[in-house]
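In what follows, a single structure is set out as structure tokens and then discussed.
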């Protein structure tokens, strides 16, 4: 494996990826979502997170890789390299030890996390905003994240935030069911922003606003009171209806 150079990711073999993850052992799995599974691994002496994605968009992947490799910022998770094989793409990222912001907000007991202080929350918001601002920076090339949400903001040992999964929306086919589940409420509010053919930096700003709403209220972006999807409410729509007392955290009401 050659040394990592800025704007030139390392090309790993599939054998190296399998060895790093103990052949994708379940004990190495640290995440799973719309893009596939994420595994903790070690390549050389470096801890890494390896995202395994099923995709037939290899041409688009290598085009997008040119963009991903130019993103270097303290508040954006670094892409180190990649591999491909068996109809899968494997993206190798720096390993961020404290998991995602979503877990710290909504699954504290499951992961054994301590409640986030307001100082920590404010710093996370600033860090994430700086990462998104860098991605949008018009002095370089104006890019769009397309999937800003609490599960795509990772926290390091000091609870400093890094934006993850930039650029992956275009590489992986997701089913209509998955898209509907994740974005139906958002499309009703801002369909012109998240339409199939138009995604802009404004849509990132809107979805970052949803992140801030989750940060302030401790509520999930989708509020589920029943098992019926059509009866779920969006956190933003509750706010629009001025039901602030229902969504503010106890700390905010003191």
Quiz item: Residues of the stretch 130-158 being modelled with pLDDT under 95, closer than 24 Å to residue 34 by Cα, part of a loop (DSSP other than H, G, I, E, B) and out of contact with any helix residue (DSSP H, G or I) (no Cβ under 6 Å at 6 or more places or on another chain), which ones?
Solution: 146, 147, 149
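Right, residue 82: under 14 Å from the mean Cα position of the chain (by Cα), within 15 Å of residue 38 (Cβ to Cβ) and not in a helix (DSSP H, G or I) or not?
Numbers: under 14 Å from the mean Cα position of the chain (by Cα): no; within 15 Å of residue 38 (Cβ to Cβ): yes; not in a helix (DSSP H, G or I): yes.
Considered against the rule, which asks whether it is under 14 Å from the mean Cα position of the chain (by Cα), within 15 Å of residue 38 (Cβ to Cβ) and not in a helix (DSSP H, G or I), residue 82 comes out as no.
Suppose we filter the stretch 32-59 for residues that are at positive phi and surrounded by 14 or more Cβ atoms within 10 Å (Cβ to Cβ); how many remain? Talk me through it step by step, then tell me what you get.
As a first pass, look at the stretch 32-59 and keep what is at positive phi: 36, 44.
Next, from what is left, pick out any that are surrounded by 14 or more Cβ atoms within 10 Å (Cβ to Cβ): 36.
Matching residues across the stretch 32-59 total 1.
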Quiz item: Under the condition of being in contact with a helix residue (DSSP H, G or I) (Cβ under 7 Å, 6 or more places away or on another chain) and outside any helix (DSSP H, G or I), which residue from the stretch 111-129 is surrounded by the most Cβ atoms within 10 Å (Cβ to Cβ)?
Solution: 116
Exercise. Say whether the condition of being touching a strand residue (DSSP E or B) at 6+ places or on another chain (Cβ under 7 Å), without any contact (Cβ under 8 Å) to a residue 60 or more places away in the chain and not assigned by TED's automatic domain parsing to the domain that holds residue 22 is met by at least one residue in the stretch 121-139.
Key: yes
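Every residue, every condition in (1) under 20 Å from the mean Cα position of the chain (by Cα); (2) in a loop (DSSP other than H, G, I, E, B); (3) modelled with pLDDT of 90 or more, yes or no:
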| position | (1), (2), (3) |
| --- | --- |
| 2 | no, yes, no |
| 15 | no, no, yes |
| 18 | no, no, yes |
| 27 | no, no, yes |
| 37 | yes, no, yes |
| 52 | yes, no, yes |
| 70 | yes, yes, no |
| 74 | yes, yes, yes |
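Can you say whether residue 103 is in contact with a helix residue (DSSP H, G or I) (Cβ under 8 Å, 6 or more places away or on another chain) and part of a helix (DSSP H, G or I), as far as the supplied structure shows? Let's see the steps before the verdict.
On the way: in contact with a helix residue (DSSP H, G or I) (Cβ under 8 Å, 6 or more places away or on another chain): yes; part of a helix (DSSP H, G or I): yes.
Taking the combined requirement at face value, the residue satisfies it.
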Self-check item: Residue under evaluation residue 92, criteria (1) touching a residue at least 60 places away in the same chain (Cβ under 8 Å); (2) not in a strand (DSSP E or B), criterion not met
Solution: (2)
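The values are calculated or read from the model by the stated rules, or taken from the named source; none is laboratory data. In this text, all values refer to a predicted model and were calculated from it rather than measured experimentally. All Cβ positions, glycine included, derive from the backbone under ideal geometry; neighbour counts span all protein chains shown.
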